[in-house]
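Peer 1: Mind looking over this structure? Questions follow.
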Amino acid sequence: MSTEPNPEPNPAMAPDGDPEVYYLNMGPQHPSMHGVLRLVLKMRGEEILEAEPVIGYAHRAHEKMAENRNYLMFLPNTSRVDYLSGMIYNIAYCQAIEKIMDIEVPERAEYIRIIACELNRISSHLLWFGTFLLDLGGITPFLYCFDDREEILDILDSVTGSRLTYSYGRFGGVTMDVDSAFVARTRAFLARMRDERLPKYRRLVGDNVIFRERCEGVGVITRDVAFRYGVTGPCLRSTGVAYDVRRAEPYSIYDRFEFKIPTRVEGDTMARFDLRIEEMEESCKIVEQAVDGLPEGPIMPAKPKKRYRPPAGEYYFAVESARGHFGTYIISDGTDVPVKLKLRTPSFSNLSSMPDVLRNTMVADTIAIVGSIDVVMPEIDR
Amino acid sequence: MSNLPTAPETLADYVSGNLWLFFAIATAAIMGYLTLNALFLIWLERKISAHIQRRLGPMEVGWHGVLQTVADMLKLLSKQLVTPRAIDKPLYHLAPVVVFAPVIASVAMFPFAEDLVILDIELSLAYVFVFGGIGIIGIFMAGWGSNNKYALLGAMRSVAQNISYEIPLILSALSVVLLVSGLEPVIINDNDQLRPASGISLIDIAIVQDAKGWWFVLVQPVAALIYFIAAVAETNRAPFDIPEAESELVAGFHTEYSGMRFAMFFFAEYTNMIIVSMVATVLFFGGWSGPLLPGPVWFFGKTYLLIGGMMWFRWTFPRLRFDQLMSFCWTVLIPLSIVNLLVTALVLELL
Amino acid sequence: MSKPRAEAEHDSDEHETEKMSRILGSSVAELAESSEHADYAKYGYHHVYLANIESIPEITRHFFDAGYLLEMVTCQDRRDDAGTMRLVYTFNHLAHLDRHLVHADVAADAEAPSITSLYQAADWFEREVYDMYGVRFSGHPNLKRILLPEDADFYALRKDFGRIEDAPQES
């Protein structure tokens with residue numbers, strides 16, 4: 001099979017004979033492009049005519065690795081696909097296999113998983129918040145967010161042993177049990193977050209006039225664009241569509257908890273910002289309910305299987321990660337090595353909408369817009 | 001005659017006749033002061049930023065890190081001077097000099113106390129602004145000479161920003177000049193020659209506030225505010241630091257400068273901050289005037305307080321986008337400063 | 001694993017879902033070669049179809065008009081079993097859960113029609129399928145590699161590439 005070594009350039013990016021068109025290349029090494037994203041901009045003056053994201057710099061062949069090891073061996077990979085939602089991805093993979101193989105998860109493990117995943121979601125949003133402000137020039141909130149995040153990481157570290165990339169889930173439950181110290185720490189963290197930090201972020205950042213000027217009306221994603229590009233997560237919810245996998249296809253025990261799905265209609269950067277702050281609040285609510293209702297009991301099934309051989313067939317399992325709809329598509333042939341494992345990651349589709357969103361905007365807004373989409377390159381490149 | 005304010009004796013008077021001695025002392029004094037000043041300000045900035053960000057800042061070198069800047073300077077001095085190949089050599093090498101030299105000259109004209117000033121020039125306020133403007137040429141030389149798209153973009157933005165914000169800066173200063181000229185003229189005893197206070201001389205403005213007993217900020221609050229905002233913009237500090245924004249254009253017009261050359265730009269920025277703060281101190285806050293404590297304490301105290309305010313701004317606000325920055329200048333600050341000037345003139349006419 | 005959600009609460013929703021998906025399903029089933037309901041609780045989708053690759057654009061048009069999101073386009077290397085590459089499309093509606101899986105077999109070295117004119121999401125998905133499996137899409141505006149280096153001369157997820165057995169052995 002031959003492939004062209006020097007492929008045709010993107011026809012949308014051709015200069016079209018306009019002498020004032022020039023090209024600006026942002027990244028892949030750039031203090032601000034989150035991760036290794038290369039953005040080629042076709043510009044005239046300060047206006048962007050066309051944008052082309054170039055990805056693949058963080059491709060580590062996770063899907064190929066999945067085809068070369070058994071289901072249990074792939075567990076550590078899952079966290080590294082999106083290291084900011086590492087817990088969510090890790091647990092999601094476990095939940096996918098459990099659904100396929102009909103493995104019953106003990107109640108206590110379910111509650112612990114919810115606590116860990118929602119804390120992970122909060123920490124992912126906090127990091128986004130800090131780095132977003134960093135891109136806009138407000139350096140101080142970054143430190144405060146990391147302070148909060150440090151507490152979450154310490155809490156999760158105390159029970160899982162890892163700070164960022166977890167292998168906490170197992171098929172059927174979780175590895176280590178939580179104790180009263182964990183619960184106390186989590187409660188203290190939630191209290192600080194809800195009573196002190198989130199209102200502070202809202203007031204000092206969200207109400208700041210310069211911040212509002214930079215974000216309002218900037219980077220509008222319309223419902224139509226979101227639909228055609230398969231955008232999910234906060235980017236979709238900022239356009240008015242109340243789609244959250246935790247509500248649309250409830251998994252684990254999310255249907256037992258009271259939480260709102262925040263939406264906005266403006267679809268601009270400010271909407272996404274407000275939305276994520278609200279989502280952090282809602283996640284705090286969920287963690288609180290989970291901690292209050294944490295039952296006693298085992299954290300793994302009484303007789304965990306030794307080999308995992310899903311019956312032959314194709315399976316799809318979706319969860320809501322911090323960035324949107326994360327889907328695991330598994331094709332099994334009855335052995336303990338998958339035939340195919342496809343990771344449908346939300347940032348992949350979210351980023352693909354950039355050409356449409358960035359067209360006819362100003363280059364100075366690029367940083368704000370790409371930052372507000374909250375992409376994590378490793379999950380795009382896998 | 002005895003209770004009229006006297007013009008200070010200047011260094012020039014002391015060494016009158018001996019020009020070389022004058023230059024020697026003046027240059028030594030200024031350079032010494034500026035160096036110490038930069039060392040202090042860099043340390044102050046790092047400490048203020050650290051405490052705003054819930055951390056400590058430099059703590060290792062010296063007591064609470066006071067010698068950190070010395071260590072950094074030594075490091076910068078020892079760095080290899082990497083000169084990119086495709087630069088425009090004269091422009092690239094002269095740019096730091098052009099940015100830095102004028103601000104040194106400006107320091108000579110400030111009255112640190114009733115009798116402590118290096119040079120007494122009649123039009124000192126105008127001179128300060130002129131020298132401030134020369135630095136802008138240096139910025140453009142740096143951007144163009146670097147032969148780098150990012151540096152050029154940064155330089156163009158910086159130049160546009162600086163020349164735009166000079167207007168409200170000067171207009172608000174003009175309000176004070178008008179004020180001094182329009183008030184009951186204060187007669188100054190200048191070597192037994194009586195003359196009315198001149199609004200365009202920094203020394204005279206300070207003398208008038210000292211003599212009257214109140215500071216001009218009370219009468220010209222709007223001008224003071226406009227001046228301060230324009231000053232922050234002039235020095236390319238946040239929230240107006242698009243030209244040096246790290247996340248936007250790597251490092252703006254001084255992208256291609258490393259080592260000691262980079263240090264010169266850095267130095268120039270802090271010196272610029274000192275200059276605009278000193279002008280603000282003299283124009284609006286009475287210069288050296290203040291009860292109890294000696295003049296220089298008041299003068300430097302007020303100056304550094306204003307600088308502390310500038311630093312506070314930097315670590316609190318996000319950055320304004322360039323077009324927002326420009327439209328803020330042209331649609332808000334300039335009309336406001338013009339209105340302020342007209343109102344000042346009107347009020348003075350009616351009184 | 002947790003029990004499926006309470007039937008009583010969502011009865012009416014499921015009714016709606018079933019109705020709508022039956023309407024859609026039947027019109028798509030007419031175009032497909034075979035269609036089946038799938039047990040969502042076990043498989044994670046509601047319908048699965050096997051369609052002729054030529055009818056994919058029309059099938060996609062049905063889903064597009066009904067407001068279904070294109071969740072995923074991927075491929076399975078079945079050249080060992082059936083001599084074809086099997087493309088897999090997933091559609092889901094956001095307002096009511098109704099996932100449809102559409103399979104389409106493409107002969108090795110043959111081209112598949114692109115659906116980027118309807119769903120721009122397919123732009124990058126199809127590029128990834130091309131990158132990883134070598135399936136070309138006719139009508140794609142910018143078909144070039146997306147994850148692997150531009151000058152790569154292999155298709156990474158093909159079954160005959162990168163097998164552990166082919167790795168150089170320590171001698």
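The values are calculated or read from the model by the stated rules, or taken from the named source; none is laboratory data. Keep in mind the model is a prediction, meaning the values are calculated, not measured. Backbone-built Cβ (ideal geometry, glycine too); neighbour counts: all protein chains shown. These area figures cover heavy atoms from the full protein model, side chains too; ligands, DNA and RNA do not enter into them. Shrake-Rupley method; radii C 1.70, N 1.55, O 1.52, S 1.80 Å.
Peer 1: Among A:SER238, A:SER158, A:SER123, determine the one that fluctuates most according to a GNM of chain A built with springs between C-alpha atoms less than 10 Å apart.
Peer 2: A:SER158
Peer 1: Moving to a separate point now. Rounding to the nearest 20 debye, state how big the charge dipole of segment B:178-290 is about its Cα centre with +1 on each Lys and Arg Cβ and -1 on each Asp and Glu Cβ.
Peer 2: 220 debye
Peer 1: Can you give the accessible area buried between chains C and A, summed over both chains, with a 1.4 Å probe, in Å² to the nearest 100?
Peer 2: It comes to approximately 5100 Å² buried between C and A.
Peer 1: Could you give me D for segment A:66-113, from Stokes-Einstein at 37 °C and 0.692 mPa s, where the hydrodynamic radius is the Kirkwood radius over C-alpha pairs? Units µm² s⁻¹, please.
Peer 2: 287 µm²/s
Peer 1: With a 1.4 Å probe and every protein chain left in place, work out the accessible area per residue of segment C:16-144 in Å², rounded to a whole number.
Peer 2: Normalised by residue count, the accessible surface of segment C:16-144 is 36 Å².
Peer 1: Here is a follow-up. At a threshold of 8 angstrom on Cα-Cα distance, excluding pairs fewer than six apart, so keeping six or more, what relative contact order does chain A reach in percent?
Peer 2: Once normalised by length, the contact order is 25 percent.
Peer 1: Around A:VAL265, under 11 Å between beta carbons, what's the net of Lys plus Arg minus Asp minus Glu among the other residues?
Peer 2: Net charge around A:VAL265: +1.
Peer 1: Kindly sort C:GLU54, A:GLU379 by accessible area of their heavy atoms, largest first, with the probe set to 1.4 Å.
Peer 2: The ranking, largest first, comes out as C:GLU54, A:GLU379.
Peer 1: Let me ask something else. Which one of B:SER106, A:SER124, B:LEU77 is farthest out on the positive end of the charge dipole of the protein assembly as shown, using unit charges on Cβ (Lys, Arg +1; Asp, Glu -1) and the Cα centre as origin?
Peer 2: B:LEU77
Peer 1: As an exercise, use a Förster radius of 22 Å and the Cβ-Cβ distance of B:SER78 and B:ALA101 to find the FRET efficiency, rounded to the nearest 0.05.
Peer 2: Result of the calculation: an efficiency of 0.35.
Peer 1: Taking every residue in C:119-127, how many Cβ atoms of other protein chains lie within 10 Å of its Cβ, on average?
Peer 2: 5
Peer 1: Residues of segment C:86-107 losing 30 Å² or more of accessible surface, assembly versus chain alone, probe 1.4 Å, please list them.
Peer 2: SASA drop of 30 Å² or more in segment C:86-107: C:LEU94, C:LEU97, C:ARG99.
Peer 1: Quick check on segment B:1-96: what does the Kirkwood estimate of hydrodynamic radius come out to from the alpha carbon pairs, in Å?
Peer 2: Result for segment B:1-96, one decimal place: 17.9 Å.
Peer 1: Expressed as an acute angle from 0 to 90° and rounded to the nearest 10, what is the orientation of the C-alpha long axis of helix B:19-52 relative to the principal long axis of chain B?
Peer 2: The helix B:19-52 is inclined about 60 degrees to chain B.
Peer 1: Starting from the alpha-carbon convex hull of segment C:37-171, give the projected area averaged over all orientations, in nm².
Peer 2: If you wrap the Cα atoms of segment C:37-171 in a convex hull and average its projections, you get 10.3 nm².
Peer 1: Something else now. What is the local net charge at A:SER85, summed over the other residues whose Cβ is closer than 15 Å to its Cβ (Lys, Arg +1; Asp, Glu -1)?
Peer 2: +3
Peer 1: Under 19 Å from a point placed 7 Å out from the Cα of C:PHE161 along the Cα-to-Cβ direction: which residues of segment A:54-71 have their backbone N that close?
Peer 2: Counting only backbone N, you get A:55-69.
Peer 1: Would you mind giving the average projected area, over all directions, of the Cα convex hull of segment A:267-382 in nm² with one decimal?
Peer 2: 10.7 nm²
Peer 1: Note down the magnitude of the dipole of segment C:16-144 about its Cα centre, charges +1 on Lys and Arg C-beta and -1 on Asp and Glu C-beta and zero elsewhere, to the nearest 20 debye.
Peer 2: 180 debye
Peer 1: If the cut-off is a Cα-Cα distance under 16 Å, which aspartates and glutamates reach A:LYS260, setting aside same-chain residues fewer than 8 apart in sequence?
Peer 2: Output for A:LYS260: A:GLU118, A:ASP244, A:GLU249, A:ASP274, A:GLU278, A:GLU279, A:GLU281, A:GLU282, A:GLU288, A:GLU320.
Peer 1: Could you give the angle, 0 to 90 degrees to the nearest 10, between helix A:107-136's Cα long axis and the longest principal axis of the Cα atoms of chain A?
Peer 2: 20 degrees
Peer 1: Mind checking the per residue accessible area of segment A:62-381 for me, 1.4 Å probe, whole number of Å²?
Peer 2: Averaged over the residues of segment A:62-381, the accessible area is 30 Å².
Peer 1: With labels modelled as points extended 7 Å from the Cα through the Cβ direction, what inter-label distance (nm, one decimal) is found for B:LEU67 paired with A:ARG203?
Peer 2: 4.3 nm
Peer 1: Something else about it: If I take R0 = 56 Å and measure r between the Cβ atoms of A:ASP336 and B:ARG55 in this structure, what FRET efficiency does the formula 1/(1 + (r/R0)^6) give, to the nearest 0.05?
Peer 2: 0.70
Peer 1: Could I ask something else about it? Just the accessible area per residue of chain B, please: how many Å² with a 1.4 Å probe?
Peer 2: Counting only protein heavy atoms, the per-residue value for chain B is 44 Å².
Peer 1: What are the aspartates and glutamates whose alpha-carbon lies under 12 Å from the alpha-carbon of B:LYS149, with same-chain residues fewer than 8 places away excluded?
Peer 2: Straight-line reach from B:LYS149, under 12 Å: B:GLU256.
Peer 1: Using a 1.4 Å probe over the heavy atoms of the protein chains, calculate the carbon and sulfur portion of the accessible area of chain A as a whole percent.
Peer 2: 52 percent
Peer 1: Under unit Cβ charges (Lys, Arg +1; Asp, Glu -1), what dipole magnitude, rounded to 20 debye, does the protein assembly as shown have relative to its Cα centre?
Peer 2: 1480 debye
Peer 1: Next up: Considering only protein heavy atoms and a probe of 1.4 Å, how much of the accessible area of segment B:91-138 is carbon and sulfur, as a whole percent?
Peer 2: Solvent-exposed carbon and sulfur of segment B:91-138 make up 75 percent of the total.
Peer 1: Put a dot 7 Å past each Cα toward the Cβ at B:SER181 and A:SER158; how far apart are the dots in nm?
Peer 2: Calculated label separation equals 7.1 nm.
Peer 1: Sticking with this structure for a sec: P(r) of the protein assembly as shown in 10 Å steps, Cα pairs, percent per bin?
Peer 2: Distribution as computed: 2, 11, 18, 19, 16, 12, 9, 6, 4, 2, 0, 0 percent.
Peer 1: Still on this structure, please answer the following. Please give the solvent-accessible surface of A:ASP356 in Å², to the nearest 10, using a probe radius of 1.4 Å with every protein chain present.
Peer 2: 40 Å²
Peer 1: Moving to a separate point now. Using the alpha carbons of segment A:62-381, what is the convex hull volume per residue in cubic angstrom, as a whole number?
Peer 2: 119 Å³
Peer 1: Based on the alpha carbons, how large is the Rg to Rh ratio for segment A:11-54 when Rh follows Kirkwood?
Peer 2: Here the Rg-to-Rh quotient is 1.02.
Peer 1: Within 10 Å of each Cβ of A:131-141, how many other protein chain Cβ atoms are there on average?
Peer 2: Counting other chains' Cβ atoms within 10 Å and averaging over A:131-141 gives 6.
Peer 1: How well do other chains shield peptide A:358-367, expressed as the mean number of their Cβ atoms within 10 Å of each residue Cβ?
Peer 2: 3
Peer 1: I'd like the projected area of segment B:11-350, averaged over all directions, using the convex hull of its alpha carbons. Report it in nm² with one decimal.
Peer 2: With every direction weighted equally, the projected area is 18.8 nm².
Peer 1: A further question follows. Give the angle, between 0 and 90 degrees and rounded to the nearest 10, that separates the Cα long axis of helix A:269-292 from the longest principal axis of the Cα atoms of chain A.
Peer 2: Value to nearest ten degrees: 10.
Peer 1: For each pair in B:LYS47/B:LYS212; A:LYS200/B:LYS302; A:LYS305/C:LYS42; A:LYS200/A:LYS342; A:LYS64/C:LYS42; A:LYS99/C:LYS144, compute the distance between the two Cα atoms and list the pairs where it is over 29 Å.
Peer 2: Listed pairs above 29 Å: B:LYS47/B:LYS212; A:LYS200/B:LYS302; A:LYS200/A:LYS342; A:LYS99/C:LYS144.
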